[in-house]
Amino acid sequence: ELELVYELVATKAMLSVGEEKFRQFVFADTFYDNHEAIVAKIKVKQTSLSLAAEIKLKECLQNTPGLQRKIIRNLQIIFRFLVQIGGEPDQKLGNYCKRWLKDEVTLPFGLQDTICLKHLVKLYQCVEDYGLSKGVTPLEKFRVDLPPAPQVDLLEQLKQQDMPFSDFILVMKRFCIRRLSEPDDKTIKSPNSPVAECLGDVMHWPTTTINAFKSAIAKDHQDVTEYAIERRLKSILVSGFQVRHIASAIDFLEKEMTGKKPKQGSRVGRTFQLGLTG
């Protein structure tokens, strides 16, 4: 025993780092920044949930406050293990968690007994989209009016890049529910952060948007690289458009889509409903 202590502990350097000097790692929440990259690394072939499972899931979410966020956070941890360890498509989620996570991560209401590893991506999307369909309510500090100049620039850039308003609204609403709605979220962004710093990465955008950008770049006889795509994305996220303006930008673009002009100086960003079309 003493030999093991010497070998494993005594001969190793000790790191002493003050709490304020050491960056906190929030592994579950960082999933949001790398969602598509992580999903792409999952080797387990994915398929849709059965209609019965989707109905049961929605009933559970409707009847249990806070369940949606709990399921999402637990799934984020499970995804991390799935990328590293893998698994069989038909393996029950409950058995997988018991083996690798020692029951520390669980999903309630019998989901672990009916859901297999091949259903996890669709399960995650269903749970998150349920939350979006119920509405998005960003915190008060993210409801500052978008100034007129960035409004004009935003419209021009969206039209120039031929991006549907609905695609851009969807990205912003997802960002709201992921990062701007929970007062105790340690990863929450500063209201004064440029939106380009938060949404300038390709991982935040739907595959359809990225594919459209790739086609446009190729049509311009340019190399289709991630850098070229991000340059186009960031051109949409115009100067002066900050995180605190997200709610106002959603309200502004939704009114543009319906032909109703937003009133100047009006309070915006109460609760946004999302029609889930894909």
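The values are calculated or read from the model by the stated rules, or taken from the named source; none is laboratory data. Everything numeric here is computed off the predicted structure, so don't read it as measured data. As a convention, Cβ positions derive from the backbone with ideal geometry for all residues, glycine included, and neighbour counts pool all protein chains shown. Quick note on the areas: whole protein, heavy atoms, side chains included, nothing else; ligands and nucleic acids left out. Shrake-Rupley method; radii C 1.70, N 1.55, O 1.52, S 1.80 Å.
Overview of results
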| read-out | value |
| --- | --- |
| Label zone at residue 88, where the point sits 7 Å out along the Cα-to-Cβ direction: segment 39-55 residues whose backbone N lies under 20 Å | 42-48 |
| Average Cα contact separation per residue, segment 109-256, under 8 Å, 6 or more apart, as relative contact order % | 38 percent |
| Residue pairs, from the table 141/234; 58/255; 41/255, whose Cα atoms sit over 32 Å apart | 41/255 |
| Accessible surface of residue 239 - all protein chains present, 1.4 Å probe, nearest 10 Å² | 110 Å² |
| Residue 192 paired with residue 214, simple spin-label distance in nm, labels 7 Å along Cα-to-beta-carbon | 3.9 nm |
| Phi to ³J(HN,Hα) by Karplus 6.51 cos²θ - 1.76 cosθ + 1.60 over segment 44-51, Hz, x for Gly, Pro | 6, 4, 9, 9, 6, 6, 6, 4 |
| Efficiency of FRET between residue 102 and residue 51 - r from beta-carbon atoms, R0 30 angstrom, step 0.05 | 0.40 |
